[in-house]
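The values are calculated or read from the model by the stated rules, or taken from the named source; none is laboratory data. Because the structure is predicted, anything quoted here is derived from the model rather than measured. Please note: Cβ atoms are built from the backbone with ideal geometry, for glycine as well, and neighbour counts cover all protein chains shown.
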Protein chains: 4
Amino acid sequence: MIIVMKPRATKEDISRVISKVEKRGLATHLVEGAEMSIIGCIGDTTRLDPKLFEVDEAVDKVMHVQEPYKLANKAFHPEATVIDVDGVKVGAGHLALIAGPCSVESTEQVLAIAKEIKASGANMLRGGAFKPRTSPYAFQGMGLDGLKILTEVKKEVGLPIVSELMSAEYLDDFNEHVDLIQIGARNMQNFDLLKHLGDIDKPILLKRGLNATYDEWVMSAEYIMASGNENVILCERGIRTFETYTRNTLDLQAIPVLRKMTHLPVVVDPSHAGGRWWLVESMAKAAVAADCDGLMIEVHNDPENALCDGAQSLKPAKFTELVDQIRAIASATGKSL
Amino acid sequence: MIIVMKPRATKEDISRVISKVEKRGLATHLVEGAEMSIIGCIGDTTRLDPKLFEVDEAVDKVMHVQEPYKLANKAFHPEATVIDVDGVKVGAGHLALIAGPCSVESTEQVLAIAKEIKASGANMLRGGAFKPRTSPYAFQGMGLDGLKILTEVKKEVGLPIVSELMSAEYLDDFNEHVDLIQIGARNMQNFDLLKHLGDIDKPILLKRGLNATYDEWVMSAEYIMASGNENVILCERGIRTFETYTRNTLDLQAIPVLRKMTHLPVVVDPSHAGGRWWLVESMAKAAVAADCDGLMIEVHNDPENALCDGAQSLKPAKFTELVDQIRAIASATGKSL
Amino acid sequence: MIIVMKPRATKEDISRVISKVEKRGLATHLVEGAEMSIIGCIGDTTRLDPKLFEVDEAVDKVMHVQEPYKLANKAFHPEATVIDVDGVKVGAGHLALIAGPCSVESTEQVLAIAKEIKASGANMLRGGAFKPRTSPYAFQGMGLDGLKILTEVKKEVGLPIVSELMSAEYLDDFNEHVDLIQIGARNMQNFDLLKHLGDIDKPILLKRGLNATYDEWVMSAEYIMASGNENVILCERGIRTFETYTRNTLDLQAIPVLRKMTHLPVVVDPSHAGGRWWLVESMAKAAVAADCDGLMIEVHNDPENALCDGAQSLKPAKFTELVDQIRAIASATGKSL
Amino acid sequence: MIIVMKPRATKEDISRVISKVEKRGLATHLVEGAEMSIIGCIGDTTRLDPKLFEVDEAVDKVMHVQEPYKLANKAFHPEATVIDVDGVKVGAGHLALIAGPCSVESTEQVLAIAKEIKASGANMLRGGAFKPRTSPYAFQGMGLDGLKILTEVKKEVGLPIVSELMSAEYLDDFNEHVDLIQIGARNMQNFDLLKHLGDIDKPILLKRGLNATYDEWVMSAEYIMASGNENVILCERGIRTFETYTRNTLDLQAIPVLRKMTHLPVVVDPSHAGGRWWLVESMAKAAVAADCDGLMIEVHNDPENALCDGAQSLKPAKFTELVDQIRAIASATGKSL
């Protein structure tokens, strides 16, 4: 951390700030210039809050040089992490291909879809049992009954289950029935929930918040890791911008940036980002070309009558075509599905 | 709701969509034009999900005409709602003046600040016991001990208490000790938490999410109201934009817009929006001139050593000056503090 | 400017960067720490491009400590600048009250409006002769004929004229007929046009671009000033955010921030920001309470039939009421209109 | 266009609005419902300004059904347009591969780079002669001398020239020396400049503004086309969002969306979007996988000493590698370079 003093800062001001830093166990280096003085803080500044210093009237700016995260930081863990989701590996060249309906509606529905996506090449099944909806009057999901259906389908079809957890109240149920626990965009900074995830060691799929910076997103992963669960997969699903034609703006630069920042796998959800099925194909292909570790894609066998988000769901036949195209791109970039 | 069919839609397409609407208990009106046909849906469309229709291949656009909220809607409740916070009225000309430290640090600290702000004219005391922090390594608040301190101070100073709830786990504690329960920006769409708030009838201060539209914000109030608690106050605290000089961009247009949309009171928090104490004064005055129903302002007696957000806290003397200026503006606009 | 070297930077790397800085006429100070080295650059870094150093593979970050602008910088010109617009002073307590129609439609229209707003207390007349329109098919303004009408009305009513210049082609016409030349939001970074404004010394009203940071906006003022014309007034008119209920989000924090950054006057246009007439009143009052140096408000005597932006125009009677309210707030904050 | 009347609108209100529509040469259809009435406008509504109707007090909402552009509209021109840039075809499967330095610095520099990129497979040469810079103190480009250098290099190497025009003043020079005239992001809504481009028939590369919606961007293309020049290529180069780690957020969803909206070719510039050379590779590959019609990539033989934007420039060897990878992806998606 670097503390830049204001031009008019006195020697007393500088000593006061230096002693405030040193009280927190760090060493300091002072550069005194004609126009300003700078205090360099040497040591582990991860846990140091820049605001503690910004508040001083003689301080002009405080700048972080080190990243504020440790466990998720690639600098301290250079090899890419591979997460094992009930036997399916994700990361370091292993591509997750998660598909399934937005919400669980019935055993028949989920079973039919699961068989089709497995045949096409998907290696995990997604299905929402608890649904975060903007309106209290919209369908809120089948709840625990939905989890039961997913468990039954898993027995028959054999794909690991991905489903969203919205409250710590159901943590045990999810830990028992779900293989990859999704934390939705709107809960990315539900810090209470993140801490509870440290009580289990099930893999977590942490979606990016609609307005989360890369730093904040990785810090939320750090919350889970610091609480005791290091099995975190990040999922880009679009950010909110001024553009309203698409539901959100898919930020594929997240892939190379996160590769620099962290060793955790990065999966992309093109279905939620765009909100329209005809955007999914090209964005899924782009994500794979940009070297993501997996895709999460909504597939529904009857999107016209889906209880939720039908507009962004692919039909199984379309999904099959897409998987073929993805295979071609994966192989052109030296990967395999 | 209005459904615009694509130019090439056939009679069969139109009948299919009409019957889908009518199955949901609404009447329809069809306009057939040379270039397109339009289906008007008549009845209570609040609970109708436009996506159910957008997914149809013959549908071009679906547009909401009625707002998707009812209980919070000014159209169905034209008079401004007044919320009673342990004897302090908020709304319809009654201004809330909430002040206090970002976080509770000790009885002495909170007591000293509470006395000063009361003397200056504040009518509620804020203090964070549970703190949402981006970093797991930052100070997370004193927890239940913090609530105890607030309760003690209330006994001595007499101001109603405002504090942030981050998890339904502590709902009973907050219901017992807190007079106005704050839901923070990052939990505005923690729908599980919102539903639990319907179990009590304590007033709720619902902060706007950093990326929440007006509609989404009012829908979150609607969640609480539909769950059984109609005592909701809205709090504008800045939105996230491309501008990074300020922490967030304070959106004061929210005041007149919410006046149109809803009957609920609207309070403004200029401290969190800007993130710098010297922005608070002019924004507090602007908010009152724009006809808000109250202010929430951070005040700390030793901001240089505050454990959290000192940079945005006013010292008590500065707060006293500000209250005088606010009084002048309130009286110039026909209100009183 | 501070250059932070990467942890693995060698002595050679550091010397290379130091010599690159010193070649540009600046002195350097080196801090060598256990984990990183930092080079402080001392001297006039305004003209130094940080990207020249960021590109070095051994450099981690480059941070500006000084602002990149000089002529507009309050640090070098602490007193507030007062701009004289044909006898009307703006800045340092002198409030501009600019009113008039979005576009000039006829002599009768402009004359009628000019008389009414003057009677209400406006001290300048605005009217668009050249109109920037998103669509090539929308009304583009009366052009030079519009300027003629404004000149005639000025002769009769006596208010200085404010009008938007879209191309250097008409610079001489504007210099002759217009008293305050407006540069619209979409041209804020039309650098070629900005440079031409240095050829005259007419006051310039520089609107903030829809996506311009404070720094970029002040840098555009610096362009005009560095080209030879120091008579610049800044005008906040809303920025583009994710919120679409309002046309743009009015950023009133711009007022206190610009007060810190620059000595130039700051005017607010609440009509364009919100895009709806019923948002103008509360935002105009808020802007004055937040200590702006003036307002620009659209007034039309027949908004239902206005050729442009009727929806955001006040009728003259409404404008008169507003001026009374503004007077009350101005006087409550120690100013006069 | 659809006009939704307010619930309390009277018969007189409705007739007034209908007659306002019909005066403009359109037919109307009225749906009268229990809760609201809707007026459908039938005919060419492209040139109808919705604001003319929104301003009426009895009108609730006005919604466009047809897109407001015609010449650029895919609906009226279903086949993809192919633009010929001095013999190099762009669009409908023909990929542009534009490469070169951010700014022209000397004949030697441009010549060396041009030879290398041609050998790697580039089919056009970019080089800035006039540079839009945020600061008036930054290098502004070599101007007309830069154009001369590009012309010389073209003679020797044979690649068509792409360069940015910032002012109509130099239109003739560009028309003579440049093969594809670039309009930069900051001038996307410099409507005066757009109109002048209709005077020539040289192909135009229209970059997306930092805050431009898809609609606004296509409307700017429509400006050029309506002025007489239909040779327009669109270039996505990132939009401004809250994320500041990257310079801008590259919006690759623009590719499939623009494919729906328009018949014009769509090129992607990954260098400016990210602002860092190590983001270019994955984003270039993603753009090709997403089916763009070309790439524009900054290449510099000495980025450490580039006068502008070195941080985002690839070295020639890196560019050669990238072209090989792009070829593999293009061929996996059935295209060829």
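Looking only at region A:277-312, how many residues end up being outside any helix (DSSP H, G or I) and under 21 Å from the mean Cα position of the chain (by Cα)?
Qualifying residue count for the region: 11.
Within region D:34-48, identify whether any single residue is buried (at least 21 other Cβ atoms within 10 Å of the Cβ) and touching a residue at least 40 places away in the same chain (Cβ under 8 Å), and answer yes or no.
Among the residues of region D:34-48, at least one is buried (at least 21 other Cβ atoms within 10 Å of the Cβ) and touching a residue at least 40 places away in the same chain (Cβ under 8 Å), which makes the answer yes.
Could you tell me which numbered condition B:D56 fails, if it satisfies all but one of (1) in contact (Cβ under 8 Å) with a residue 60 or more places away in the chain; (2) within 13 Å of chain A (Cβ to nearest Cβ)?
The failed condition is (1).
In region A:283-301, is there at least one residue being free of Cβ contacts under 8 Å to residues at least 24 places away in the same chain and surrounded by fewer than 23 Cβ atoms within 10 Å (Cβ to Cβ)?
There is no residue in region A:283-301 that is free of Cβ contacts under 8 Å to residues at least 24 places away in the same chain and surrounded by fewer than 23 Cβ atoms within 10 Å (Cβ to Cβ).
If you scan region A:246-263, which residues turn out to be facing another protein chain (nearest Cβ under 7 Å) and out of contact with any Ser or Thr (no Cβ under 7 Å at 6 or more places or on another chain)?
Of everything in region A:246-263, those that are facing another protein chain (nearest Cβ under 7 Å) and out of contact with any Ser or Thr (no Cβ under 7 Å at 6 or more places or on another chain) turn out to be A:T246, A:L250, A:L252.
Answer yes if at least one residue in region D:281-293 is at pLDDT below 95, farther than 28 Å from D:L71 by Cβ and within 13 Å of chain A (Cβ to nearest Cβ), and no otherwise.
no
Pick out the one residue from B:A306, B:A311, B:A317 that is surrounded by 24 or more Cβ atoms within 10 Å (Cβ to Cβ) and not hydroxyl-bearing (S, T, Y).
It is B:A311.
Specify the residue that is surrounded by the fewest Cβ atoms within 10 Å (Cβ to Cβ); the eligible residues are those in region C:92-115 that are aliphatic (A, V, I, L, M) and touching a strand residue (DSSP E or B) at 6+ places or on another chain (Cβ under 7 Å).
C:L95
How many residues are more than 7 Å from every other protein chain (Cβ to nearest Cβ) and of a type in the set (V, I, T) when one looks only at region C:219-245?
3
Give me the pairs, please: first residue somewhere in region C:117-131 and closer than 13 Å to C:I161 by Cα, second residue anywhere and acidic (D, E) and at pLDDT 95 or above, beta-carbon distance under 7 Å, and either six or more positions apart or on two chains.
Hits for this filter: C:G128/C:E164.
Testing B:I3 on (1) touching a His at 6+ places or on another chain (Cβ under 8 Å); (2) within 14 Å of chain A (Cβ to nearest Cβ); (3) hydrophobic (A, V, I, L, M, F, W, C), one condition comes back false. Which one is that?
(1) is the only condition that B:I3 fails.
Could you tell me whether C:G128 is assigned by TED's automatic domain parsing to the domain that holds C:E304, crowded, with 24+ Cβ neighbours inside 10 Å, touching an Asp or Glu at 6+ places or on another chain (Cβ under 6 Å) and under 30 Å from C:A287 (Cα atoms)?
Yes.
List, please: which pairs have Cβ atoms under 9 Å, are six or more places apart or on different chains, and start with a residue in region D:325-337 that is within 11 Å of D:L95 (Cβ to Cβ) and at pLDDT 80 or above and end with one that is assigned to a loop (DSSP other than H, G, I, E, B) and among the small types (G, A, S)?
Sorted first by the residue in region D:325-337, then by its partner, the pairs are D:I326/D:G121; D:R327/D:G121; D:K335/D:G93.
Just to be sure, is D:E67 within 14 Å of chain C (Cβ to nearest Cβ), at pLDDT below 95, under 22 Å from the mean Cα position of the chain (by Cα) and closer than 30 Å to C:A306 by Cα?
Yes.
For A:L180, state whether it is of a type outside the set (K, R), crowded, with 20+ Cβ neighbours inside 10 Å and modelled with pLDDT of 95 or more.
Criteria met by A:L180.
Within region B:32-51, identify whether any single residue is of a type in the set (S, T, N, Q), away from chain A (no Cβ under 11 Å) and at negative phi, and answer yes or no.
The answer is yes, given that some residue of region B:32-51 is of a type in the set (S, T, N, Q), away from chain A (no Cβ under 11 Å) and at negative phi.
Please go through region A:88-113 and pick out each residue that is part of a strand (DSSP E or B) and either farther than 15 Å from A:L205 by Cβ or not aliphatic (A, V, I, L, M) (or both).
A:K89, A:G91, A:H94, A:G100, A:S103
Any idea which of (1) over 22 Å from B:A287 (Cβ atoms); (2) touching a residue at least 24 places away in the same chain (Cβ under 8 Å); (3) touching a Lys or Arg at 6+ places or on another chain (Cβ under 9 Å) is the one B:P136 doesn't satisfy?
(2)
Please determine whether any residue of region D:85-99 is within 14 Å of chain C (Cβ to nearest Cβ), in contact (Cβ under 8 Å) with a residue 24 or more places away in the chain, in contact with a Leu (Cβ under 7 Å, 6 or more places away or on another chain) and under 30 Å from D:E176 (Cβ atoms).
No, there is no match, as no residue in region D:85-99 is within 14 Å of chain C (Cβ to nearest Cβ), in contact (Cβ under 8 Å) with a residue 24 or more places away in the chain, in contact with a Leu (Cβ under 7 Å, 6 or more places away or on another chain) and under 30 Å from D:E176 (Cβ atoms).
Suppose the filter is closer than 30 Å to B:R16 by Cα and small (G, A, S); does A:S313 pass it?
Answer is yes for this residue.
Please verify whether region A:9-24 includes one or more residues that are of a type in the set (K, R) and away from chain B (no Cβ under 14 Å).
yes
Say we look at region D:236-275 and pick out the residues that are part of a loop (DSSP other than H, G, I, E, B) and of a type in the set (G, A, S); which of these is modelled with the lowest pLDDT?
Ranking the candidates gives D:G275 first.
So that you can scan it fast, the table gives a plain yes or no per residue for (1) surrounded by fewer than 24 Cβ atoms within 10 Å (Cβ to Cβ); (2) under 22 Å from B:A254 (Cβ atoms); (3) not assigned by TED's automatic domain parsing to the domain that holds C:E176; (4) not aromatic (F, W, Y):
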site	(1), (2), (3), (4)
C:D192	yes, no, no, yes
C:M219	no, no, no, yes
C:Y245	yes, yes, no, no
C:A254	no, yes, no, yes
